[in-house]
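Colleague: Next up is a structure, given as structure tokens.
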Amino acid sequence: MAMKWPTWNVQLFLSWIVVGTLGIAEGIYGRPQYYGDWISYLNVSWAVAHTDWREIFNPFWNPGYPALVAAARSLGVPTPEGEWHAITAINWVIYLVAYASWRGLIRNALALYWPDSLALNRHPFTIWIGTCVFLGACLGLETVSAVCPDLLVTTFFLLGSSLLLSLIRRRSLLTATLLGLILGAGVWVKGVFTPFSFLFILTLLIYCGARRGLWRPVGAVVGTFGLLFGVYIAGISWSYGEFTLGASGMLNFPWHVNELPHFSNWQGGPEQFGRPLHPTTQLIADLPAFGFGTPFRTTYPPYNDVAYWYKGFRHFFSLKLELMAIVRCVWNLLQILKLNPIVLGVAVAFLLSLVRQPWRASLGRTIVRAWPLLLPTVAGFGTYMLVHVEERYLSPFIMVIALLTWAPLLDMTLHSRRLLATALVIIYGAGMVGQLVLTNAASLKPVFRQSDYHDDPHWRIASALTASGLQPGDAVAVIRDTRPTVRVSWAYVSRLRIVAEFGGLPYRIEPQDRTRFDENVEPIHPDYSEVFWTQLTPQRRDEVMKAFAQSGARAVVSLSMPNVLPDPGWVPLKGTPAWLYVFPNAAR
């Protein structure tokens, strides 16, 4: 029996309250610092604010999400804390739009494939199971606190899927134009949306060929998408200096499949990869000391402007390495399945739908009928499986697959609908709770401890550097510790530019390790501060410091200090393990 309007409206409103409250709590407390990719996107956001077109069209870090961050930041207080809260606010808005898109997809799927069951969109089962799936995927596999476009990619994928179904049902030029805008905007958001967009368009072309219709709306989709896509490709090609569809896929494939040494300071080699046209400068031939003060003025140029430093590497395809990459992705997927309850829940729900013959038949009919919804999902997931897969990439695909498992419930002749509905409620409810506990419980601890991001070591270093007299825009060198080279949140928060470093060698899995799948494959980063302070003679340390000064550094930050007596001029940064040396009479 259909529920009365006030009842389902109240329940839907309550679902929004639950989704919004959990999202803002995670958004506020889930982010202790800025990570490598995040800082790169934030640097592009500053390029947007200063209308630096060459950096806006950074061929590796797409400008769509940074433009939203720049807009939000312009409305907030012009301080690091103000930026922090502005990012939280815009991410929360994106998260709520994602939830609205998910609700729209559910409704459009019912309207197209099961119009007689459209009232189920208002049923408590649909409302709360949809809420559980969304929370598990978009707050468990992804987070509101992350300063990256992944949640926006999920939003656009859900919107694109919803508009695709709506276009097939209504054949409206307005819907077609909106779909083209979403696909084109998606390309501006992240490189992976380029193949996603072509998959959506391919789906429409196949549907038109099979049904002999929709050609005018398809033309509107292609035309609108083509305009946005063409402008973006022209922009990044101009910035890169030659035609390119984007450096993200161009580099991620050799990094993850061919094992090109990656992340920072690649000087060339092994032989099959050739040499970069303009590598970072190795300041001292036999030491891991590098300079990169020009031509960029970003926080950490080797990673913020990675396409420039890798330009000139040699592309190649190896079937053997591709197959090994797929095997690694399958292994990663199995680990994701084991460690993420919402992914396991969707898998269990799908298998449950195969237990009884009537359920299997209903699911099979749904898969056949709903192929326009499934094709972009399955092929989009396959795009990741060819290169590299992580939890944060999977949420839109998990949500669409979850939608399929409800199909048997739409067959009113099934006598076991109540049993299946009860099982799905338990599975998805437990999956959502388990996922949030595992991935977001740590976000609630600061609430009870009355602590926030200011207590993070990177913020303390940033505050200490500001208190020492360093000003935004000052150039510094860094002596690294064991942390990954791209972890430079302290430099971003204090608005300093890293122009040289001791450490930061590129990472590469050796050939003999490529078939190992345990979590300890990646070697621990060496403690470069230990190397600098205990293994180098005073003369060699002085040589490094002089090279730093010649690179334009006003000061040097040692992120840690072994139990040794530091050289003259070094002072500790209060409340942190870091030490600071300011060059006498250094120019700003």
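Colleague: For region 324-351, give me the residue count where each residue is surrounded by fewer than 21 Cβ atoms within 10 Å (Cβ to Cβ) and over 22 Å from the mean Cα position of the chain (by Cα).
Modeller: Number satisfying all stated conditions: 6.
Colleague: Among the listed residues Asn108, Asn43, Asn58, which satisfies the condition of being farther than 19 Å from Val189 by Cβ and not basic (Lys, Arg)?
Modeller: Answer to the check: Asn108.
Colleague: Has region 40-61 got at least one residue that is under 30 Å from Ser117 (Cα atoms) and assigned by TED's automatic domain parsing to the domain that holds Leu135? Working first, answer last.
Modeller: Of region 40-61, the ones under 30 Å from Ser117 (Cα atoms) are none.
For region 40-61, residues under 30 Å from Ser117 (Cα atoms) and assigned by TED's automatic domain parsing to the domain that holds Leu135: absent.
Quick grid of which residues meet (1) in contact with a Gly (Cβ under 9 Å, 6 or more places away or on another chain); (2) polar (S, T, N, Q):
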site	(1), (2)
Gly20	no, no
Ile28	no, no
Trp53	yes, no
Phe57	yes, no
Asn62	yes, yes
Trp92	yes, no
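Colleague: State the number of residues belonging to region 102-129 that are under 23 Å from the mean Cα position of the chain (by Cα) and either at pLDDT below 95 or of a type in the set (S, T, N, Q) (or both).
Modeller: Result for region 102-129: 0.
Colleague: Only one of these conditions is not met by Phe60: (1) over 15 Å from the mean Cα position of the chain (by Cα); (2) more than 24 Å from Leu139 (Cβ to Cβ); (3) not hydroxyl-bearing (Ser, Thr, Tyr). Which number is it?
Modeller: Failing condition for Phe60: (1).
Colleague: Listed residues Val133, Val44, Val93; which is within 26 Å of Phe229 (Cα to Cα) and touching a helix residue (DSSP H, G or I) at 6+ places or on another chain (Cβ under 7 Å)?
Modeller: Val44
Colleague: Looking at region 142-180 only, could you name the residues that are in a loop (DSSP other than H, G, I, E, B) and not hydrophobic (A, V, I, L, M, F, W, C)?
Modeller: Of region 142-180, the ones in a loop (DSSP other than H, G, I, E, B) are 142-149, 171-172.
Listed by number, the residues that qualify are Glu142, Thr143, Ser145, Pro149, Arg171, Ser172.
Colleague: Answer yes or no: is there a residue in region 23-43 that is at pLDDT 95 or above, more than 15 Å from the chain's Cα centre (by Cα) and under 27 Å from Glu242 (Cβ atoms).
Modeller: yes
Colleague: While we're looking at this one, here's another question. Is it fair to say Trp53 is closer than 30 Å to Val231 by Cβ and crowded, with 19+ Cβ neighbours inside 10 Å?
Modeller: On the way: closer than 30 Å to Val231 by Cβ: yes; crowded, with 19+ Cβ neighbours inside 10 Å: no.
No: the conditions fail for Trp53.
Colleague: If we keep just the residues of region 289-323 that are surrounded by fewer than 23 Cβ atoms within 10 Å (Cβ to Cβ) and of a type in the set (A, V, I, L, M), which is farthest from Thr383 (Cα to Cα)?
Modeller: Ala307
Colleague: Please verify whether region 13-31 includes one or more residues that are of a type in the set (S, T, N, Q) and surrounded by 18 or more Cβ atoms within 10 Å (Cβ to Cβ). Even if it seems obvious, please write down each step before you answer.
Modeller: Initial filter on region 13-31 (of a type in the set (S, T, N, Q)): 15, 21.
From what is left, the residues that are surrounded by 18 or more Cβ atoms within 10 Å (Cβ to Cβ) are 15.
The answer is yes; a qualifying residue exists.
Colleague: What pairs can you find where one residue is in region 393-408 and farther than 15 Å from Leu120 by Cβ and in the same structural domain as Ile129 (by TED's automatic domain parsing), the other is among the charged types (D, E, K, R) and assigned to a helix (DSSP H, G or I), and their Cβ atoms are less than 9 Å apart, with a gap of 6+ or different chains?
Modeller: Short answer, once both residue conditions are applied: Tyr393/Asp150; Ser395/Asp150.
Colleague: Ok, one more. Search region 163-196 for residues being β-branched (Val, Ile, Thr) and farther than 19 Å from Tyr393 by Cβ, and hand back the single one that is surrounded by the fewest Cβ atoms within 10 Å (Cβ to Cβ).
Modeller: The residue in question is Thr177.
Colleague: Here is a follow-up. Given Leu420, Leu403, which one is buried (at least 16 other Cβ atoms within 10 Å of the Cβ), assigned to a helix (DSSP H, G or I) and at pLDDT below 90?
Modeller: Selected residue: Leu420, the only one of Leu420, Leu403 that is buried (at least 16 other Cβ atoms within 10 Å of the Cβ), assigned to a helix (DSSP H, G or I) and at pLDDT below 90.
Colleague: If the requirement is being of a type in the set (Phe, Trp, Tyr), part of a helix (DSSP H, G or I) and in the same structural domain as Phe134 (by TED's automatic domain parsing), which of these qualifies: Trp309, Trp331? Even if it seems obvious, please write down each step before you answer.
Modeller: Details: Trp309 fails: in the same structural domain as Phe134 (by TED's automatic domain parsing).
Checking each option against the conditions leaves just Trp331.
Here's the yes/no breakdown for (1) modelled with pLDDT under 90; (2) of a type in the set (Gly, Ala, Ser):
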{"residue": "Ile206", "(1), (2)": "no, no"}
{"residue": "Gly213", "(1), (2)": "yes, yes"}
{"residue": "Val218", "(1), (2)": "no, no"}
{"residue": "Phe225", "(1), (2)": "no, no"}
{"residue": "Thr244", "(1), (2)": "no, no"}
{"residue": "Ala247", "(1), (2)": "no, yes"}
{"residue": "Glu271", "(1), (2)": "no, no"}
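Colleague: Scan region 423-464 for residues that are within 28 Å of the chain's Cα centre (by Cα), part of a helix (DSSP H, G or I) and modelled with pLDDT under 90 and report the count.
Modeller: Counting residues in region 423-464 that are within 28 Å of the chain's Cα centre (by Cα), part of a helix (DSSP H, G or I) and modelled with pLDDT under 90 gives 13.
Colleague: Restricting attention to region 448-507, which residues are aliphatic (A, V, I, L, M) and surrounded by fewer than 17 Cβ atoms within 10 Å (Cβ to Cβ)?
Modeller: Within region 448-507, Ala467 is the sole residue that qualifies.
Colleague: Sort out which residues of region 62-92 are among the small types (Gly, Ala, Ser) and in a helix (DSSP H, G or I), and write them in order of number.
Modeller: Passing the criteria: Gly64, Ala67, Ala70, Ala71, Ala72, Ser74, Gly82, Ala86, Ala89.
Colleague: Under the condition of being modelled with pLDDT of 95 or more and of a type in the set (D, E, K, R), which residue from region 545-588 is nearest to the chain's Cα centre (by Cα)?
Modeller: Arg554
Colleague: Output the residues belonging to region 307-363 that are of a type in the set (D, E, K, R) and farther than 15 Å from Asn252 by Cα. Give the derivation first.
Modeller: Here is the first cut: in region 307-363, the residues of a type in the set (D, E, K, R) are 311, 314, 320, 322, 328, 338, 356, 360.
Hits for region 307-363 are Lys320, Lys338, Arg356, Arg360.
Colleague: What number of residues in region 33-46 are surrounded by 22 or more Cβ atoms within 10 Å (Cβ to Cβ) and over 11 Å from Val147 (Cβ atoms)?
Modeller: 2
Colleague: From the list Phe296, Phe317, Phe381, which residue is over 30 Å from Val499 (Cα atoms) and part of a loop (DSSP other than H, G, I, E, B)? Outline the logic, then answer.
Modeller: On the way: Phe296 fails: over 30 Å from Val499 (Cα atoms); Phe381 fails: part of a loop (DSSP other than H, G, I, E, B).
Only one candidate qualifies: Phe317.
The values are calculated or read from the model by the stated rules, or taken from the named source; none is laboratory data. Quick caveat, the model's predicted, so the values are computed rather than measured. Every residue, glycine as well, gets a Cβ built from its backbone with ideal geometry; the counts of neighbours run over all protein chains shown.
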